[in-house]
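Engineer: Right, I'll just put the structure down here and ask away after.
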Amino acid sequence: MAELKGIPVVAADPTTPRSGEKYLTPQGFTAIKDGVKARPPQPSASARPHRLPPWLRARAPSGATFQGVKALVREHRLATVCEEARCPNIGECWNAGTATLMLMGAVCTRACRFCSVDTGNPHGWLDAGEPENAARTVELMGLKYVVLTSVDRDDLADGGAGHYAACVRAIRRRNPATAVEALTPDFQGVPADVETVVDSGIAVFAQNIETVRRLTHPVRDPRAGYDQTLRVLAHAKRHRPAVLTKSSLMLGLGETEGEITETLRDLRAAGVDIVTLGQYLRPTVHHLAVERFVTPAEFDRYRTGALALGFLECVAGPLVRSSYRAERALERNNAGLDNRAPAR
């Protein structure tokens, strides 16, 4: 078996590598499966939780509609954050005929320690057919609301902003009644690149803060930043006030009550309209451990606190993710979630 910097490189089929191994992508560059290099098992602190509580158990994905969405995604060579980030809500969303499309491939140039998206350097590779493929998929699915996210592409001069905007415009041309939410990378904080996406015809501009200031590193890649995310969100809001802004915070990584409140205040001060709160779940043994499981009642309390700060909505719950039930965020009812039900 060949090696690259001491790490085994396995066969070109991306379904072959195990978590933490390097492999060759079909486009010819190397990537690490699940985004974090394999490391020896670490002793777990006795205080850390090990078994999932009942409110975090999601049904296995299945059903005809689920298979139909999967077939469309495969046919048009699209990646989805639902699969790449191992979202626990994939069964519910795909059976409802919705999916979050992940643009610019399935390999990210960053390696955040909470995320299971593969990491590598695509060396400028882009699928020129992606804008029209994405637009056609949205049309076939009959979506009235679509969330577009993407990997970080620090290998591109504009961070991929131009390609991202081209995908939005293609979707809007073919589906003029469809609202588009852009859950974007930070474009290294470059205002002009943020404006490229904000001006492309989106209804919502989203970028995730992910965690509290103290835990930003090591939770996020060194190239990401707490203040950088706040600046990007604030610039997007100032540049085009009619576009809603949105961010997401994971809980259970060791943050304190005061830090949660501080982060919510910082997001609101940056002009963020909508915030989502969800439980961090460890995707593989190579990723950060869960420090605690936040209870449904606590999520309700955090939601109440966020609304008191002036957010238009705070969608909060154990299985909430930034794009979960995104089209329902302004119903002012926690996107239809009842956090009391799973706790019974």
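Just so you know, all these numbers are worked out from the coordinates, no wet-lab data involved. It should be emphasised that the depicted structure is a prediction, and the values quoted were computed from it without experimental measurement.
Engineer: Give me the percent of Cα-Cα pairs in the stretch 105-210 that sit more than 19 Å apart, rounded to a whole number.
Structural biologist: More than 19 Å apart: 43 percent of the Cα pairs in the stretch 105-210.
Engineer: Restricting attention to the alpha-carbon atoms of the stretch 204-250, what are Rg (one decimal) and Dmax (integer), both in Å?
Structural biologist: Cα only, the stretch 204-250: 11.2, 34 Å (Rg, Dmax).
Engineer: Mind listing the Cα extents of the stretch 149-244 along all three principal axes, in Å, largest one first?
Structural biologist: Each principal axis gives a Cα extent; for the stretch 149-244 these are 43, 28, 20 Å.
Engineer: Please give the direction-averaged projected area of the C-alpha convex hull for the stretch 214-344, in square nanometres with one decimal.
Structural biologist: Hull-based average projected area comes out at 8.4 nm².
Engineer: With the calculation restricted to Cα positions, what are the radius of gyration and Dmax of the stretch 276-333 in angstrom?
Structural biologist: Considering the stretch 276-333 through its Cα atoms, Rg and Dmax are 12.8, 38 Å.
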